[in-house]
Every structure is written in structure tokens, then in C-alpha cells.
Amino acid sequence: MTGGPAGAAPPAPTILPGGLPAGLPGAGAVPASGFGAFVARARAAGVLVVQPRMGMADPLRMRDGLRATRDADAVTVGTVTLDSYTRTGDLDAARRALAEGVGLNGYPIATHCADTTRTVLQGVMDARFPVQVRHGSAMPEHIVRALLAVGLDATEGGPVSYCLPYSRTPLREAVTAWRRSCELLASMREYGSEPHLETFGGCLMGQLCPPSLLIAVSVLEALFFRQHGLTSVSLSYAQQADPRQDEEALTVLARLAGELLPDVDHHVVLYAYMGVFPRSPGGARLLLEDAARLAVRAGAARLIVKTTAEAHRIPTVGENVRALETAAAAAADERARPALSAVPRACGPGTAATAAATAAATAAATAATTAAATAVAVVPDTGIEAEARALIGAVLELDTDVGRALVRAFAAGYLDVPYCLHPDNAGRARTSLAPDGRLLWSSVGSMPIAGLAADGPRPPILGSAGLISALSHVQRTYDDRAADPSAPTATAEVTAAACPPRPHLPQCRTDPPRPPEPPRTPVPPRTTSTPRRELGPTTP
Amino acid sequence: MEQHAVEQHGKAEPTGLDVIVTTMASDSHTWNLVFLQLLLEELGHRVTNLGACVPDELLVAECCRIEPDLIVLSSVNGHGFHDGLRVVEALRACPELAGTPTVIGGKLGISGSGTPARQRALLTAGFDGVFEEGGSVLDFQSFVGSLPAGSGSRALTAGSGVLL
Ligand code: B12
């Protein structure tokens, strides 16, 4: 760590024992050490923590990657991303791949011997540079045991988010395995460490999932972690296709976390876009910068970056370091102009609310300059909060045990992840993508949220060409922006907009509508012998 | 582990093919599978989509049970080349599937677009087509279009005597 990004950024947090600021807003009891404490200190100092997705099979390269992350010009935490064989519990395949020198897509932590991994971490990981294991496993006990054995105690996932989109494991079994894994992690508190667990529920399929469901699953997974003994957690949310919608979503997530996890150290972590990424380096950078700006505006404490290689292959260490530094610089830049980004949001959808909103925005701007760690944003309410509350409430009513409640909720279709093929997912929910990138429901299935976000029926995404077009909306938008630098950035759009653009208010957009262009991903010609239609229910 | 097949939708042509769309054990990506299912159904074929992380035994068992006209393997997590070599060997070892058109596509390695050597290795191992990124979808459509009509013709060549 070489300190905060240059420029107007506040200094990097001092990570000295006992140097904790008391009573951080929005977070419960802040632990004295560990991953959660590090992020809390950075947040108190007004600096966004940035983190890569990084994992390679070779221990020496993994060590180099961690060191380069630590030494980047940004406030960073390290990552060990695991390979797909380890994720799916196929340790034989991981061992064979290592023996044969086959390229793996991550670090096989349960296959390398513990001493090897200790050497990878030795002299790199310490109180100033915590390291988190990222995996994607529905049955993660072998992974949790392996990481605890080498002195790591921060990881991520969740019984829903690492089961439905990541496996064909029955949800019930994933819940049991995750309960045991949480208990294992939490047992480390006896030895004075403060294990940290992050929800992956804010990502789900990576794209095309409306925010309210991401928030609900993220919050429910955090409640599950707390029920099984964790006292330091983070709640994820993945950047989607419209910065205004994302800002509203992040604000709601922070509010619900504050309400429902008052006694637990927690922070919000934003993932840079998790869907089909821009192909051009310029487009990828613009999207990452927007993620960093969004994180700052919405008060997220940590950002997980994506690189310019995302659309193509596993990134190099160098590409990851550049992404970390790009994000840190954009975050510092955004933080240096809080007034600018706070004021336009005073424009609420309703005129009655405008005066109060303006006053609040002024207060927000003042607060943001005086206390950078305090995120106060005035964002229009499009119904995300009502939907998220309805989903969380309906699930928690099913059972006092969060895990059982989750299993029953999916069986009843109260939670239903759009386009997810898992047999335990009802598969009736479908998404609609407005021209401005806003994610809406075209079908809510049996989820108890019908009619909560106003405005009539939404057109569904139709056929293979429609699906590719929706999946590549963000890629197309940012590759176009990179090709034409005069096109307004998402941030500029937010700032310049006279009121928050809604899909039914196209006149609010400041950028002229562009003629439709072919998506970057080749779209098959419409030689369809059957009519284009929405993907039907995916009953197992 | 519970079987996980996705219901088939849309109006298949009488001459349409029975197609299995699947990924392999280590890969959890499914947008690729949903896309391929829609594409093939739009072309008039009947699709069974096996979903995420399909274990080798389940994959082979489903293919033996359904005896499809075409098997489409898709993988994007970077392990597809090695997983594909293993799986095609298992498929070809089944007498019922020895001649079934079988293709693979997606992002098959971890270092970017495919090499001719990788493609040759996959063809040698038993695949009839390899569709790595870049225009692969159009090539795939012409490949599918060049296959003999499904159901009846396949049942005859397979000698099962059962006309579907
Ligand atoms: C969305 C996404 C996810 C989602 C997936 C959700 C889901 N259920 O599908 C989540 C977040 C869960 C995820 C997880 C992971 N992902 Co991912 N993911 C992506 C991402 C961003 C988009 C993929 C996508 O949905 N594309 C849309 C579909 C429709 O297109 P497609 O899959 O590219 O397929 C197209 C073509 O390849 C082609 N095609 C595909 N298969 C076939 C087959 C045939 C026969 C034909 C003709 C054509 C064809 O047709 C499609 C349309 O053109 C890509 C990067 C990107 N492209 O931007 C990474 C990416 C694919 N993921 C990657 C990895 C490694 C993972 C993880 C292993 C985590 C990790 N180590 O980083 C895990 C998977 C765990 C596991 N067990 O495998 C890597 C793969 C690296 C490589 N191959 O070099 C990528 C490229 C990101 C990166 N640069 O690191 N991922």
C-alpha cells in the first residue's frame, strides 16, 4: 500500500491497533482487527477500498499478484480467486490439472499443500493488507477448512447466490453446507480473530436481474451469516445498466442493512459490472470508472474491479493493477466534487417533494464535504425499496430459521431468479430492459411484489437475438462511448439531467437517441421458422 | 444429484433435430446455454438443456437415453478444452453415440481466442465441429443446416426401428 490516490483524496487510513474511530455511521460494533476493521477504517477516512478478482494456479504468480495488488497506488485488499474444479469440489481434476500443467482459471487452494499457500501469503498479508478468498461454491466446507488452515479468515458467497447460479446442488443441501461453513468460520472468533463473510447475493446471474431481488437476497444472506455466528459481514450489489437505478439500489441496500443488522459490523461492497463486458479497452475503463464514481456517490465502502481483459480472457496481474489504480483515481475524483453530484438529485419525481428534497440535497452536499465517510444521498424512489422490503418480509415470515425460510421461499416462488435454470428456482420471473438501461420486471411470477413499482406491463426480452441484445446493452453502450469520446458519460448524464429520466419520460434524456447499431456479439439473422417469443418457463 | 433438464419450448418442425445443449462439470455459466437453446428452437429443433455443471456420468447418461441427433457442448470458463477432451472420449465410448454429430464451442481456454492446434486436437479427439469465439454462431448455423433431417432419418440410420 503506498497510500491514497494522488490529488484531492483524503489520506489513506492509518491501520494502527487502537486507532479506530468510534461509532461509525451505519455500521454496528466495529471489530478491532481483520478484513471488516480494515474497510471500516478506510471508510472513516473517506477512501474507497478497491479489490481485484485475481487467481492463478502457480503459487509464485499468485504471490506476485498479491504483492502487486498491495503495492498498487490505491487502498487495496487482496484476493485469492479459486479455480472452477476447486469450486465444484472436483479436487481430483484440480490435482491432475496441476500435475499436467493445464491452465486453471484460479488458485487451487485445497490442492496446493497448506505450507505452499502459507508461503504465498507470508510477508504479504498482514493487518495492513487483508486477503479474501473468492470461490463460488455451493458446498464450500473444504474451501473454508483450507483457508482457515493457512491463516485466512475472509471469504464470500452465500447459500442462495452460490447455489442457484453456480451449481445444480439442491438448495436445501447448499443451505446445510453453508450453515456448517459459517459456523466453522465463526468458530475462529474463539481464537481472537474476526472472520469476515461477504454476500454474493447482489450479483446472482451477473446481469438482467432487477435490483430489488439482488438487495433482498444480499440482505437475507447477511441475516443467514449473522444467525450462524458471523459478526462482520459485507453486503454486495453489482453495477447494472443504469447509474440512477444503481444509486437508488445501493442507498436502499445500505438503509436495510442498517436496520436489519444493527449489531453486526457491516459495509456495502459494489461489484463493477458482472455481465457481458465492453470489448474495447476504452469502453472497459469507462465502465469501471463509472462503477467507482457510483460507489462513492452511493456510499459503498469497497469496490471489486474488472479489467480491460474481462470480455476476452483471465486478466494478467498488470491489467488488474491498472484497473485498481483507474478505479481509485476515479473514486478520488468523484469524492473531490461532492456538491456537483449531490445537487441534481434534488429533482424528485413528485413536485410536492421537491422543496424538501432540495433542502436535503443541500444538507447532503454540506455533509459530504465535511464528513466524507457519511454517505447521504437524495435519490428518487422508483419502488426498489418497497419491493425489497416486501421480498425480505415475505421470506422472513416463512420461518424463524433464515436457511429454512430461504428454501421454502424458493419452493413457493416468493423468490425467483430470472433466467436461472436451477431446478429449485421457480423460473417464472422475467426481466425487461428499458432503452435507458433500467431493469424492470416483465413478469414477477409468484413473488409478492406485483404492482409495487408502478407503470403497467413491461415488454419481455424476446428470442435469441433479443436476449443477446439485452445481454450486450452495456457492452454496446460503453464501446460506443469509447469510440466517440464526445458522447456524454453516464455521470455527465446524471448531472445534467433536469430530472431523473424514467423509461416513460424519454424527453429527460440529454443525449440524442442513437440509431440502433448491431451488437458486438454476433447476432444470428432472423431465419426463425418459429415466431420469436420469450423464453418459456424452465420447469425441471 | 437431482437431474436437471429444462423443458423444451416452441414449435419444433417435424424435420427438426433432437438436440442436447449442455456444459461440462466445472462450468456454471448458463447464459450461453439459454442463448443456444433459443437459437436452436427458433430454427425448428427440439432442445433439451441440461443446465449448469453437468457431471460426466449425467451427461453421458442423458445422451444415451435421448439418443439426440446433435450434441452441443458449450463452455466459457476456460476449462472447456480439457473438459471437452475428456467428455468426448466418454461420449464416443458409448456405441449409441459413436456417430452422433457432436460439437463444442465458447471460450475454451484461459488465454483468449482459440488456436488452430487446439481446434485440431478437439477434432481429432472426436468432435465434428469446434466453434470458438468470433463469428462462431453463423458457422454453427450453417453446420446445423447441413445435418440430415432429424427424427425419422436418424432413427433409421441408428437402426433402432423406432420412428419418433
Ligand atoms: C456473466 C458472467 C458470469 C456469471 C454467470 C452467470 C450465469 N449463470 O451464466 C457469473 C458471475 C456467475 C460468472 C462466474 C464465473 N465466471 Co464468468 N463471466 C461472465 C461474463 C461477464 C459474461 C458471460 C455471458 O453471460 N455472456 C453472454 C453469453 C450469451 O455469451 P457467451 O457466454 O460469451 O457465449 C457466446 C459465445 O461464446 C458463443 N458460444 C458459447 N458457447 C458456444 C457453443 C457453441 C457450439 C457455439 C456455436 C457458440 C458458443 O455464443 C454466445 C453468443 O455469441 C464473462 C466475460 C464477458 N464475456 O464479458 C465472464 C467469464 C466468461 N467468466 C469467467 C470465469 C473464469 C468465471 C468464474 C470461473 C470465476 C472466475 N474465476 O473468475 C465463475 C464460474 C464458476 C465456474 N464453476 O465455472 C471468465 C472465463 C475466462 C476464460 N475463458 O478465459 C470470463 C471470460 C471473465 C474473465 N475475463 O475472467 N461469470
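Could you provide, to the nearest whole Å², the per residue accessible area of region A:21-344 with probe 1.4 Å? Working shown, then result.
Details: 9090 Å² over 324 residues.
It amounts to 28 Å² per residue over region A:21-344.
On the protein heavy atoms, probe 1.4 angstrom, tell me the percent of accessible surface of region A:223-316 carried by carbon and sulfur. Kindly include the intermediate steps, with their values, before the conclusion.
Numbers: 1100 of 2100 Å².
So the carbon and sulfur contribution to the accessible surface is 52 percent.
Could you tell me the largest-minus-smallest coordinate of the C-alpha atoms of region A:21-344 on each of the three principal axes, in descending order and whole angstroms?
Here the Cα extents, ordered largest to smallest, are 57, 43, 38 Å.
Hey, with R₀ at 30 Å, roughly what FRET efficiency would A:Leu91 and A:Gln122 work out to, going by the Cβ-Cβ distance, to 0.05? Please report the intermediate quantities before stating the final value.
Working: r = 24 Å, r/R0 = 0.80.
It comes out at approximately 0.80.
If you rank A:Thr231, A:Thr81 by how much accessible surface each has, with a 1.4 Å probe, what is the order from largest down? Could you put the intermediate results ahead of the total?
Details: A:Thr231 40, A:Thr81 20 Å².
I get A:Thr231, A:Thr81, largest accessible area first.
Viscosity 1.567 mPa s, temperature 4 °C: Stokes-Einstein D of region B:18-160 from its Kirkwood Cα radius, in µm² per second? Write out the running numbers ahead of the final one.
Values: Rh = 15.0 Å.
The estimated diffusion coefficient comes to 86 µm²/s.
Can you tell me the FRET efficiency between A:Asp381 and A:Asp263 if r is taken as the Cβ-Cβ distance and R0 is 22 Å, rounded to the nearest 0.05?
Details: r = 27 Å, r/R0 = 1.25.
My answer for the efficiency is 0.20.
In what order, largest first, do A:Met125, A:Met62 sit by accessible area if the probe radius is 1.4 Å?
A:Met125, A:Met62
For region B:109-152, rounded, prolate or oblate, judged on the Cα gyration tensor with a ≥ b ≥ c (square roots of eigenvalues), a/c < 1.5 rounded, else prolate if a/b > b/c?
Numbers: a/c = 3.42, a/b = 1.71, b/c = 2.00.
The shape class here is oblate.
Pop a pseudo-label 7 angstrom from the Cα along the beta-carbon direction at both A:Ala483 and A:Arg337 and give the gap in nm to one decimal.
Calculated label separation equals 2.7 nm.
On the accessible surface of region B:18-160, probed at 1.4 Å, how many percent belong to carbon and sulfur atoms? Provide the component values of the computation, followed by the final result.
Details: 2890 of 4880 Å².
About 59 percent, which is the carbon plus sulfur part of the accessible surface.
Using a Förster distance of 51 angstrom, determine the FRET efficiency expected from the C-beta separation of B:Ala90 and A:Thr400, and round it to 0.05.
Working: r = 46 Å, r/R0 = 0.91.
The value I calculate is 0.65.
Provide the per residue accessible area, probe 1.4 Å, for region B:18-160, rounded to a whole number of square angstrom.
Numbers: 4880 Å² over 143 residues.
Per-residue value: 34 Å².
Using Stokes-Einstein with the Kirkwood hydrodynamic radius over Cα pairs, what translational diffusion coefficient do you get for region B:36-102 at 25 °C and a viscosity of 0.890 mPa s, in µm²/s rounded to a whole number?
It diffuses with D of about 194 µm²/s by this estimate.
Quick check for me: using +1 on Lys/Arg Cβ and -1 on Asp/Glu Cβ, what's the dipole size of region B:18-160 about its Cα centre, in debye to the nearest 20? The partial results should precede the final answer.
Values: 8 positive and 16 negative charges, 45 e Å.
The dipole of region B:18-160 has a size of about 220 debye.
Compute, for A:Tyr166, the solvent-accessible surface of its heavy atoms (probe 1.4 Å) with the complete set of protein chains present, and express it in square angstrom to the nearest 10.
40
With labels modelled as points extended 7 Å from the Cα through the Cβ direction, what inter-label distance (nm, one decimal) is found for B:Asp56 paired with A:Glu141?
2.5
Rounded to the nearest 100 Å², what's the accessible area chains B and A bury against each other, both chains counted, probe 1.4 Å? Could you put the intermediate results ahead of the total?
Working: alone 8300 and 20890 Å², together 25230 Å².
Answer for the B-A pair: about 4000 Å² buried.
Counting only protein heavy atoms, probe 1.4 Å: which residues of region A:180-225 lose 10 Å² or more of accessible surface in the full assembly compared with their chain by itself?
SASA drop of 10 Å² or more in region A:180-225: A:Met205, A:Gln207.
Which residues of region B:108-144 bury at least 10 Å² of accessible area once all protein chains are present, versus their chain alone (1.4 Å probe)?
Hits at the 10 Å² cut-off: B:Ile110, B:Ser111, B:Gly112, B:Glu133, B:Gly135, B:Val137, B:Leu138, B:Gln141.
Check each residue of region A:70-109 and keep those whose accessible area, probe 1.4 Å, is at least 30 Å² smaller with all protein chains in place than in the chain alone; give them in order of residue number.
Hits at the 30 Å² cut-off: A:Ser84, A:Tyr85, A:Thr88, A:Val102, A:Gly103, A:Asn105.
The values are calculated or read from the model by the stated rules, or taken from the named source; none is laboratory data. No experiment lies behind these values; they were computed from the predicted model shown. No Cβ is skipped: glycine too gets one built from the backbone with ideal geometry, and neighbour counts run over all protein chains shown. These accessible areas exclude ligands, DNA and RNA; they are computed on the full protein's heavy atoms, side chains included. Shrake-Rupley method; radii C 1.70, N 1.55, O 1.52, S 1.80 Å.
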